[in-house]
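Structure first, commentary second.
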Amino acid sequence: MLKEASAVFLFKFEIMQVDFAHKNVLITGGSRGIGKACAQLFSELNANVIITYKSNKTLAEEVVASLNPKQNHCCFQLDVADPEAVESFYQDFQNQYKHLDVLVNNAGIFTEHKIETISYQEWQQAWKQTLGTNLTGVANLCYFAAQQMIAQKEGKIINISSRGAFRGEPDHPAYGASKAGLNAMSQSLAVALAPHNITVGVIAPGFIETDMASEVLAGEAGEQIRKQSPLNRVGKPEEVAHVVAMFASSGLEFMTGGIIDLNGASYLRS
């Protein structure tokens, strides 16, 4: 399925000469779901793919082993919510890779914390963890990537947001807030970094069929979730990966600051 999707992408975008040969692409949360699909697609497009994982080293190494062996792929352990870990990671990254061409901020968490039922202590913890990973962590990754890209005088940053930034997340309010903040931050950075030939793009997916979502989709809620879209299905990680690769491609720099909805018309905003 992925190879077929990749072939379609390569065919459709041949006129754009999409080729990431000799490019280093860093993807956070690259061991599964959207991050894994991005890693596999960028490998098909001849990039060196570097993924981060929080705890499951075996899974990350399996992803790296599945990529095209002709390129220089690698994985790093990283808790993006830890500022010191982010700084240490970038030092290690720069020792191994001398330039960073594309950063894909995909790692994130989605923790339920209903205000009607949760304790104040649990409420505080949910906000701290969610904002630390989904917003502050991304901001720190963008900071170090920007320093390197400014020195290179070019680079591309793609941040994975969510439709929840626009429609609200009543059972996951910190998640919705973190993604709304991510959108605003990304657009601010797009303006700040444009003079340095660095673009910043945002993709806001709806419900995506990942390993973590499989149990929910197989349960009673699955049918209702699929009916949210007039396509009567949820999105595929490969579909998000295609848009990520588009944002990262040369010739589309004027898209900087843009937020692309990818939700199967399940939520339409004006």
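Inside the range 136-151, can you point out the residues that are surrounded by fewer than 24 Cβ atoms within 10 Å (Cβ to Cβ) and more than 22 Å from Ala194 (Cβ to Cβ)?
Thr136
So, in the range 223-249, of the ones that are in contact (Cβ under 8 Å) with a residue 60 or more places away in the chain and among the small types (Gly, Ala, Ser), which residue ends up farthest from Asn106 (Cα to Cα)?
Ser249
State whether the residues of the range 83-104 include one that is among the β-branched types (Val, Ile, Thr), at pLDDT 95 or above and farther than 21 Å from Leu189 by Cβ.
Checked against the condition, which is being among the β-branched types (Val, Ile, Thr), at pLDDT 95 or above and farther than 21 Å from Leu189 by Cβ, the range 83-104 yields no hits at all.
Just checking, which of Gly29, Gly33 is surrounded by fewer than 24 Cβ atoms within 10 Å (Cβ to Cβ) and touching a helix residue (DSSP H, G or I) at 6+ places or on another chain (Cβ under 9 Å)?
From the options Gly29, Gly33, the qualifying one is Gly33.
Does any residue of the range 191-214 turn out to be under 23 Å from Pro237 (Cβ atoms), without any contact (Cβ under 8 Å) to a residue 40 or more places away in the chain, surrounded by 20 or more Cβ atoms within 10 Å (Cβ to Cβ) and in contact with a helix residue (DSSP H, G or I) (Cβ under 6 Å, 6 or more places away or on another chain)?
Looking for residues that are under 23 Å from Pro237 (Cβ atoms), without any contact (Cβ under 8 Å) to a residue 40 or more places away in the chain, surrounded by 20 or more Cβ atoms within 10 Å (Cβ to Cβ) and in contact with a helix residue (DSSP H, G or I) (Cβ under 6 Å, 6 or more places away or on another chain), one finds none in the range 191-214, hence no.
Which of the residues belonging to the range 233-255 are under 16 Å from the mean Cα position of the chain (by Cα), surrounded by 19 or more Cβ atoms within 10 Å (Cβ to Cβ) and not in a helix (DSSP H, G or I)?
Gly235, Ser249
Residue-wise test of (1) touching a residue at least 12 places away in the same chain (Cβ under 8 Å); (2) within 29 Å of Lys23 (Cβ to Cβ); (3) out of contact with any Asp or Glu (no Cβ under 7 Å at 6 or more places or on another chain).
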{"position": "Asn106", "(1), (2), (3)": "yes, yes, yes"}
{"position": "His113", "(1), (2), (3)": "yes, no, no"}
{"position": "Tyr143", "(1), (2), (3)": "no, yes, yes"}
{"position": "Met149", "(1), (2), (3)": "yes, yes, yes"}
{"position": "Ser161", "(1), (2), (3)": "yes, yes, yes"}
{"position": "Ala177", "(1), (2), (3)": "yes, no, yes"}
{"position": "Leu189", "(1), (2), (3)": "yes, yes, yes"}
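The values are calculated or read from the model by the stated rules, or taken from the named source; none is laboratory data. Fair warning: this is a prediction, and the values are worked out from it, not measured in the lab. Using ideal geometry, Cβ is built from the backbone for each residue, glycine included, and neighbour counts are taken over all protein chains shown.
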